[in-house]
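I have placed the structure first, in the form of structure tokens, so that the comments after it can refer back to it.
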Amino acid sequence: MLIDSHTIAREIHEEVKKTIDSLKYLPRKPCLAAVLATKHPASQTYVARKVKACHEVGIESKVFHIEPTSTKELLNFIDTLNNDPSIDGILIQLPLPPHIKLLDVLMHVDPSKDVDGFHPLNAGKVLLQDPSAFYPCTPLGIKVLLERKSIDVYGKHVVIIGRSNLVGKPLATILMQDAPGCNASVTVTHNKTRNLQEITKTADILVVAIGKPLYIGPDMIKDGAVVVDVGINKIEDASKKSGYRIVGDVDFDAVRKKCSAITPVPGGVGPMTIAMLLKNTLKSYLLHNNIHNIHE
């Protein structure tokens, strides 16, 4: 089975739009502020996609292009967004310029507007299963994608390759929770793991987020496993007009026949990340308006 998230992401977009439409009696719409601190073309493309998705569901968006000379300058700008009551969510598009201290920036965003779920307070809330937490968009998107494709993780062995703060660590925290769509036994592996192949071949569900193109082949997967590929990599391809093609961390063509289900790249996890950003922005809007009894 091919796990293409476009259909599910569209369903979530419609759910968010329906909720926003039902709240037209409120004086303003939800609003997401995106901060672009570089002229990196890929970052500009990602922000444009998020802005487009916001527009489609009725979320206002504001994009701020700045090139801070120091971390303090960026923090001062974030303060203006933190203090603006018309803004529900703040998105700091990564990566930041190398001279900017990432952790300082992520910690400076108001946790109640941290729709990316990167602030340490939200990370702690996720660990404690606090319902007010903003869950990181990509890990949450993976969890929701598996749920909506009726792939049960209850009691299953999930192996995650990659221990980043953006995907690996929060995803492990989410899937091991005692909650619907969770209750997995999770093993987190990384570039220092010994006998990696022996571990990945025990996975009922394998999630790969290591940033190495085509790294996972059929010899690393057991028959019938579910494979979720989070990787986005460019490799040279003279047959393409651009001179390259986008591939994941998994060798899709070699692996797909051995899997019971697999996500493609592109089109697998990416649309779910944006869908979760919309849901988090709506959640922030509801909380800022003291609305707690509506289904998101």
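Assorted remarks:
- Filtered by the rule that a residue be surrounded by 15 or more Cβ atoms within 10 Å (Cβ to Cβ) and either within 21 Å of Gly248 (Cα to Cα) or out of contact with any helix residue (DSSP H, G or I) (no Cβ under 6 Å at 6 or more places or on another chain) (or both), the range 165-186 gives Leu166, Val167, Gly168, Lys169, Pro170, Leu171, Ala172, Leu175, Met176, Gln177, Asn183.
- If you go through the range 124-144 and keep only what is without any contact (Cβ under 8 Å) to a residue 40 or more places away in the chain, among the hydrophobic types (A, V, I, L, M, F, W, C) and in contact with a Gly (Cβ under 9 Å, 6 or more places away or on another chain), you end up with just Ala133.
- Qualifying residues in the range 196-237 (those that are over 13 Å from Val159 (Cα atoms) and surrounded by fewer than 13 Cβ atoms within 10 Å (Cβ to Cβ)) - the one modelled with the lowest pLDDT: Glu236
- Among the conditions (1) among the hydroxyl-bearing types (Ser, Thr, Tyr); (2) out of contact with any strand residue (DSSP E or B) (no Cβ under 7 Å at 6 or more places or on another chain); (3) not assigned by TED's automatic domain parsing to the domain that holds Lys156, the only one that Thr281 does not satisfy is (2).
- From the list Lys39, Lys29, Lys50, Lys17, the lone residue that is among the charged types (D, E, K, R), closer than 29 Å to Ile246 by Cα and in contact with a helix residue (DSSP H, G or I) (Cβ under 9 Å, 6 or more places away or on another chain) is Lys50.
- Matching residues, the range 1-48, being hydroxyl-bearing (Ser, Thr, Tyr), over 23 Å from Ile87 (Cβ atoms) and buried (at least 19 other Cβ atoms within 10 Å of the Cβ): Ser5
Rundown of residues vs (1) touching a helix residue (DSSP H, G or I) at 6+ places or on another chain (Cβ under 8 Å); (2) acidic (Asp, Glu); (3) closer than 26 Å to Pro271 by Cβ, yes/no style:
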site: Ile216; (1), (2), (3): yes, no, yes
site: Gly231; (1), (2), (3): no, no, yes
site: Asp237; (1), (2), (3): no, yes, yes
site: Tyr244; (1), (2), (3): no, no, yes
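- The helices (runs of 4 or more DSSP H) located wholly in the range 1-96 that include 1 or more residues which are in contact (Cβ under 8 Å) with a residue 60 or more places away in the chain occupy 6-21, 41-57.
- Selection status of Ser132, polar (S, T, N, Q) and farther than 21 Å from His288 by Cβ: no
- In the range 194-218, the residues that are without any contact (Cβ under 8 Å) to a residue 24 or more places away in the chain reach residues that are charged (D, E, K, R) with C-beta atoms within less than 7 angstrom, at least six apart or across chains, in these pairs: Gln197/Asp219; Lys201/Lys222.
- Selection of helices (runs of 4 or more DSSP H) fully inside the range 187-296 by the criterion of at least 2 residues being touching a Pro at 6+ places or on another chain (Cβ under 8 Å) returns 252-255, 270-288.
- Count - residues of the range 76-126 that are small (Gly, Ala, Ser) and farther than 27 Å from Arg28 by Cβ: 2
- Within the range 145-186, the set of residues being among the polar types (S, T, N, Q) and either part of a helix (DSSP H, G or I) or in contact (Cβ under 8 Å) with a residue 24 or more places away in the chain (or both) comprises Ser164, Asn165, Thr173, Gln177, Asn183, Ser185.
The values are calculated or read from the model by the stated rules, or taken from the named source; none is laboratory data. Everything numeric here is computed off the predicted structure, so don't read it as measured data. Virtual Cβ from ideal backbone geometry, glycine too; neighbours counted across all protein chains shown.
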